[in-house]
Amino acid sequence: MTDQFRSPILLALIGHPIGHSLSPLMHSAALKLLRLAGRYEAWDVSDLKQAVEKLRREGYRGASVTIPFKRDVMAFLDDLDDQARRIGAVNTVIHREGRLQGTNTDWEGLLRALRKVTDLFGKRIVVLGAGGTARAALYGLLAEGGVPVVVNRTEKQGRGLAEEFGCPFYPLAEIGDLAGDILINATPVGMVPEIDFSPVPAAALRRFRLVADVIYNPMKTRLLREAEEAGCAVLSGMDMFVEQGAAQFRLWTGLEPPVDRMRQVVKQELERREGKQV
Ligand code: NAP
């Protein structure tokens with residue numbers, strides 16, 4: 001056993017609020033199944049600087065970072081990798097040789113989930129949204145040889161993002177005129193509690209072969225239900241969520257995570273919540 005596995009693996013989630021996060025459940029299940037000593041704690045953070053210093057001082061192996069700290073945390077870290085810099089957001093902190101490094105696994109989570117159902121090379125992919133998740137999606141899709149198009153409600157944001165990544169831009173109001181291989185929703189439209197909303201009129205969906213949502217709560221959004229009715233293949237954000245967590249686990253431990261078990265606990269918990277409408 002190497003030195004790094006002699007001490008317990010301490011991990012944390014940094015966010016606010018964090019009550020509904022599935023990361024503690026998912027990572028705790030992975031640690032348990034691999035019989036690793038350690039724990040994944042949920043920190044409801046009000047002072048971000050102090051939380052980051054605690055990681056350093058108390059020898060945490062790493063952390064997940066979620067809303068609203070994905071951008072702000074960058075200022076408190078020692079190093080940022082290229083992905084974090086290009087995406088402009090950190091969802092993962094790794095504590096290695098005394099330094100806190102920031103990276104982003106959202107793009108990898110999305111790619112791994114998509115790769116299970118489609119090739120991406122040369123595919124025309126409409127990405128809805130211009131926030132942090134859309135940025136992660138564009139980074140990953142371009143790295144994989146996809147041909148993304150940015151579609152956003154607010155023109156200024158969308159056009160700026162499209163120019164930065166060298167893609168075409170269209171306003172959301174024109175979605176009905178667009179066609180492509182894949183449509184990816186990277187907006188929060190349709191997430192609980194606003195589950196009756198979809199970012200795209202149903203009539204526009206049949207022009208796509210595959211429709212993917214980054215939202216995982218609910219697992220099947222209105223967008224995905226309407227896409228199925230239109231004959232499209234669909235992919236829930238749950239797969240992306242599990243894969244971004246699995247990528248974090250690899251970075252923190254150097255071990256292959258039990259992805260099937262992680263998916264199982266996340267799915268069970270989402271089904272439980274959907275049954276209770278929480
Ligand atoms: P964000 O930075 O706040 O970006 C929001 C984007 O959505 C903006 O482009 C905004 O358009 C658009 N938008 C918001 N409300 C809209 C509406 N009513 N109609 C049309 N467009 C609207 O959000 P984010 O951090 O990227 O997160 C987006 C979603 O991704 C969240 O639901 C989050 O939970 C999910 N997510 C999932 C995973 C996963 O692992 N599955 C990982 C990360 C994030 P404007 O520019 O016009 O305001």
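FYI, it's all coordinate maths here, none of it is from the lab. None of these values were measured; they are calculated from a predicted model. Note: ideal-geometry Cβ built from the backbone for every residue, glycine included; neighbour counts use all protein chains shown.
Tabulated values for the structure
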| quantity | calculated |
| --- | --- |
| Overall form of the chain per C-alpha gyration tensor (a/c, 1.5; a/b vs b/c) | prolate |
| Size of charge dipole - the stretch 52-108 - debye, nearest 20, with Cβ of Lys, Arg +1 and Asp, Glu -1, no other charges | 140 debye |
| Vicinal HN-Hα couplings computed from phi for the stretch 247-257 (Karplus, 6.51 cos²θ - 1.76 cosθ + 1.60; Hz; Gly/Pro x) | 5, 4, 4, 4, 5, 6, 10, x, 10, 7, x |
| Highest to lowest packing among 46-56, 95-105, scored as the average C-beta count within 10 Å | 95-105, 46-56 |
| Pairs from LYS220/LYS276; LYS156/LYS220; LYS32/LYS267; LYS32/LYS220; LYS116/LYS276 whose Cα-Cα separation, in the structure shown, is over 25 Å | LYS156/LYS220; LYS32/LYS220; LYS116/LYS276 |
| Per-residue ³J(HN,Hα) for the stretch 122-128, Karplus 6.51 cos²θ - 1.76 cosθ + 1.60, θ = phi - 60°, Hz, x for Gly and Pro | x, 7, 8, 10, 7, 10, 8 |
| Principal-axis tilt of helix 259-276 within the chain, Cα atoms, nearest 10 degrees | 70 degrees |
| Nonlocal amide H pairs with ARG39, under 5 Å, H built at 1.01 Å | ILE9, LEU10, LEU11 |
| Relative exposure of ILE125, ILE9, judged by other C-beta atoms within 10 Å (fewest first) | ILE9, ILE125 |
| Translational D in µm²/s for the stretch 194-273 (Stokes-Einstein at 4 °C, 1.567 mPa s, Kirkwood Rh from C-alpha pairs) | 94 µm²/s |
| Residue order, fewest to most beta carbons within 10 Å, for GLU243, GLU228 | GLU228, GLU243 |
| Normalised contact order of the chain, rounded percent, pairs of Cα under 8 Å and 6 or more residues apart | 16 percent |
| Residue exposure sequence - TYR40, TYR60 - by fewest surrounding Cβ within 10 Å | TYR60, TYR40 |
| Among LYS32, LYS123, LYS220: highest mean-square fluctuation, GNM of the chain, C-alpha pairs under 10 Å | LYS32 |
| Order by protection proxy (mean Cβ within 10 Å, highest first), peptides 61-72, 263-274, 207-218 | 207-218, 61-72, 263-274 |
| Under 5 Å, built H, 5+ apart or other chain: amide partners of GLY62 | ALA12, HIS95 |
